[in-house]
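Structure first, then comments.
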Amino acid sequence: MTLREQEVAAVFAELTGGAARDPLDTQALLATLAEGGRRLFHARGAKVAYVPGGHSPVLTDGTDPSLGSLAADAARWEEGAGYDARTTGCALVDVDVAARSARLRWPRWSPRATALGFGRATALPLQGRSGQVGALVLFTAPDKPLDEEALALVRLFAEVAGHTLTLQRELSETQVLAGQLEHALSSRVVVEQAKGILAARHGLSLDEAFAGLRGYARSHRRKLADVAREVTEGQLPELLAQ
Amino acid sequence: MTLGGSSAEQAAAVWQRAARARERADRELRLVRECEDLARERGGDLHVRLAHIHQASARRHELTAQLLESHARRAARWADTGGRPPLFMTGVAEACGADSAAVTLVDIDRNQIAAASSDEPSRAAQELEYILGEGPARDAVRNRCAVVASGGVLAGRWPGYGPAAEGLGIGHVLAVPLQSADSCIGALAAFGVRSDAASTTTVTQVADSLTRNVFLGADAVPGLFGGIDYRAEVHQAAGMVAVQLGCRIPDALELVKVRAFADSRPIGDIAQDIVQGRLRLG
């Protein structure tokens with residue numbers, strides 16, 4: 001491995017390590033990605049846009065606040081090298097930000113990027129499992145294009161970043177689903193317990209007890225499981241009392 | 001969750017799920033090949049590591065497809081010949097290379113809140129853990145690691161569960177947690193598997209498929225096609241006992257469990273008796 005490749009591997013380790021620490025912190029992952037990209041390729045700045053699962057909202061970040069807001073505006077304007085890379089899946093390599101073609105294509109993005117002192121941009125799509133889910137944009141000064149070695153490696157970097165974001169998203173989705181399943185199962189348990197309590201307390205069948213529980217929840221516009229939980233905790237003595 | 005319609009329609013719906021799992025496995029395998037090609041071209045270990053990640057994911061989807069396909073075959077046979085409806089856990093036991101298998105789902109306080117099993121011995125063993133509050137699945141959840149025990153070790157490790165399990169003819173058990181990242185939703189216990197490292201790997205892979213695809217995935221079937229037992233009547237009985245004896249629900253639940261153990265009867269039967277007024281505790 002060359003020194004650069006070792007650096008890519010180090011940033012990759014940083015990304016995956018960060019994800020393992022807190023799989024839900026996507027924003028921290030994006031910040032690491034932008035900063036890692038800037039540092040690796042000796043860019044002047046970097047910004048990143050990411051659409052988890054290919055649906056809105058677009059999450060953005062940049063290596064400094066002005067780039068962070070450019071990333072957010074670009075997503076809203078649907079403009080810029082990153083937007084094109086993200087929507088077409090094609091990399092834009094070493095684009096002249098101030099060129100006439102760039103100004104025509106991105107009437108708001110091009111002047112803003114130029115005003116921030118950036119001359120050239122390289123935008124790479126971040127690939128998810130089925131199609132691109134975002135883009136990483138590296139900016140350099142007008143007279144400083146990315147060197148050839150960097151260009152070869154920057155694709156690898158974007159590819160690894162796309163995979164990492166996808167894996168992180170799958171893990172965090174699994175966590176959310178685990179919470180939902182647990183909630184659904186626990187709700188069932190307390191509803192059955194509350195049915196037993198009400199049936200025994202008022203000499204009802206279980207079906208009658210359930211109808212009473214559901215009727216109370218509906219008329220008080222409350223969730224069935226919440227009412228049931230209160231019954232099991234000895235509250236709501238008035239429920240079904242004549 | 002149960003699927004509506006005739007049993008033949010149910011079998012067809014399971015086949016479709018299996019086909020979707022296989023598509024996911026194929027997609028991952030394509031990514032594995034891409035990563036391996038890139039690893040060969042460029043050297044370095046980044047793509048090798050990515051290939052490993054996709055390989056694991058492909059294996060998980062492949063196993064899920066196999067579990068669904070085996071259930072679909074049984075569902076189709078059932079549509080033709082009738083009899084007892086097929087159990088999803090039968091295929092799980094087969095995939096584990098086990099005589100039988102049981103799954104336990106737990107809440108955040110690690111209380112069992114649902115269970116499924118492939119046959120009577122595994123159901124009884126699973127229920128022993130529920131009643132006694134000790135056993136391999138419980139330890140797998142608590143320690144977040146595989147638990148293996150056989151023969152005399154069973155009784156040494158779990159003084160209540162061990163001898164009773166041996167009485168059910170269980171000689172060897174391997175339990176692994178159902179976990180992903182920070183979440184642990186329960187455990188899978190396989191009975192009568194060989195006690196080697198390969199078995200542990202296989203059962204762990206089956207557990208991974210169950211967790212990520214069967215219980216939690218985008219295409220999940222957490223009700224195991226009607227095979228999961230929420231122990232509804234046990235909780236109804238606990239509610240009734242709590243009123244009859246003026247105690248708290250956890251204590252009432254404990255009394256129902258104690259009665260089942262004392263009478264050596266399934267806890268569901270005891271609960272039925274209480275709910276229908278044939279049995280009063282206290």
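Annotation note: of A:G196, A:G162, A:G131, the sole residue that is farther than 30 Å from B:Q244 by Cβ, out of contact with any Lys or Arg (no Cβ under 9 Å at 6 or more places or on another chain) and within 11 Å of another protein chain (Cβ to nearest Cβ) is A:G162. Here is the figure for the stretch B:52-63: residues that are within 11 Å of another protein chain (Cβ to nearest Cβ) and surrounded by fewer than 21 Cβ atoms within 10 Å (Cβ to Cβ) total 2.
Just the residues that are surrounded by fewer than 24 Cβ atoms within 10 Å (Cβ to Cβ) and of a type in the set (A, V, I, L, M), please, taken from the stretch B:177-192. Show your work before the answer.
Step one: of the stretch B:177-192, the residues surrounded by fewer than 24 Cβ atoms within 10 Å (Cβ to Cβ) are B:179-184, B:192.
If the condition is that a residue be surrounded by fewer than 24 Cβ atoms within 10 Å (Cβ to Cβ) and of a type in the set (A, V, I, L, M), then B:A181 is the only one that fits.
Select, from A:L167, A:L240, A:L151, the only residue that is among the hydrophobic types (A, V, I, L, M, F, W, C) and either modelled with pLDDT of 85 or more or touching a helix residue (DSSP H, G or I) at 6+ places or on another chain (Cβ under 6 Å) (or both). If you could, list the steps in order and put the result at the bottom.
Working: A:L167 fails: either modelled with pLDDT of 85 or more or touching a helix residue (DSSP H, G or I) at 6+ places or on another chain (Cβ under 6 Å) (or both); A:L151 fails: either modelled with pLDDT of 85 or more or touching a helix residue (DSSP H, G or I) at 6+ places or on another chain (Cβ under 6 Å) (or both).
Unique residue meeting the criteria: A:L240.
Residues that are more than 7 Å from every other protein chain (Cβ to nearest Cβ) and part of a helix (DSSP H, G or I) were ranked within the stretch B:227-242; the one that is farthest from B:L210 (Cα to Cα) is B:V241.
Could you tell me whether the stretch B:261-273 includes any residue that is at the interface with chain A (Cβ under 9 Å from one of its Cβ atoms) and crowded, with 19+ Cβ neighbours inside 10 Å? Quick ask: steps written out before the conclusion?
From the stretch B:261-273, those at the interface with chain A (Cβ under 9 Å from one of its Cβ atoms) are none; that's our starting set.
There is no residue in the stretch B:261-273 that is at the interface with chain A (Cβ under 9 Å from one of its Cβ atoms) and crowded, with 19+ Cβ neighbours inside 10 Å.
One residue stands out among those in the stretch B:82-114 that are more than 11 Å from chain A (Cβ to nearest Cβ) and of a type in the set (S, T, N, Q): the one that is surrounded by the most Cβ atoms within 10 Å (Cβ to Cβ), which is B:T104.
If you go through the stretch A:185-226 and pick out every residue that is surrounded by 15 or more Cβ atoms within 10 Å (Cβ to Cβ) and under 25 Å from B:A115 (Cα atoms), you end up with 17. Kindly indicate whether any position in the stretch A:111-127 is touching a His at 6+ places or on another chain (Cβ under 9 Å) and charged (D, E, K, R). No, the stretch A:111-127 has no match at all. The set of residues in the stretch A:41-71 being under 24 Å from A:D147 (Cα atoms), hydrophobic (A, V, I, L, M, F, W, C), outside any helix (DSSP H, G or I) and in contact with a Gly (Cβ under 8 Å, 6 or more places away or on another chain) consists of A:A43, A:A46, A:V48, A:A49.
Results for (1) in contact with a strand residue (DSSP E or B) (Cβ under 6 Å, 6 or more places away or on another chain); (2) part of a helix (DSSP H, G or I), shown as yes or no for each residue.
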site	(1), (2)
B:H61	no, yes
B:Q66	no, yes
B:E69	no, yes
B:A76	no, yes
B:M89	yes, yes
B:R110	no, no
B:L128	no, yes
B:C145	no, no
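Restricting attention to the stretch A:165-188, the residues being over 30 Å from B:E41 (Cβ atoms) and facing chain B (nearest Cβ under 7 Å) number 9.
Of the residues making up the stretch B:106-134, those that are small (G, A, S) and under 20 Å from B:T211 (Cβ atoms) number 6.
For A:E230, the conditions (1) closer than 23 Å to B:D251 by Cβ; (2) among the acidic types (D, E); (3) part of a loop (DSSP other than H, G, I, E, B) are fulfilled apart from (3). Only one of the numbered conditions (1) at the interface with chain B (Cβ under 9 Å from one of its Cβ atoms); (2) part of a loop (DSSP other than H, G, I, E, B); (3) basic (K, R) is violated by A:K144, and that is (1).
Regarding A:E159, is this residue within 41 Å of the chain's Cα centre (by Cα), surrounded by 19 or more Cβ atoms within 10 Å (Cβ to Cβ) and charged (D, E, K, R)? It is true that A:E159 is within 41 Å of the chain's Cα centre (by Cα), surrounded by 19 or more Cβ atoms within 10 Å (Cβ to Cβ) and charged (D, E, K, R).
The values are calculated or read from the model by the stated rules, or taken from the named source; none is laboratory data. This is a predicted model, so every value here is computed, not measured. With ideal geometry, Cβ positions are generated from the backbone for all residues, glycine too; neighbour counts draw on all protein chains shown.
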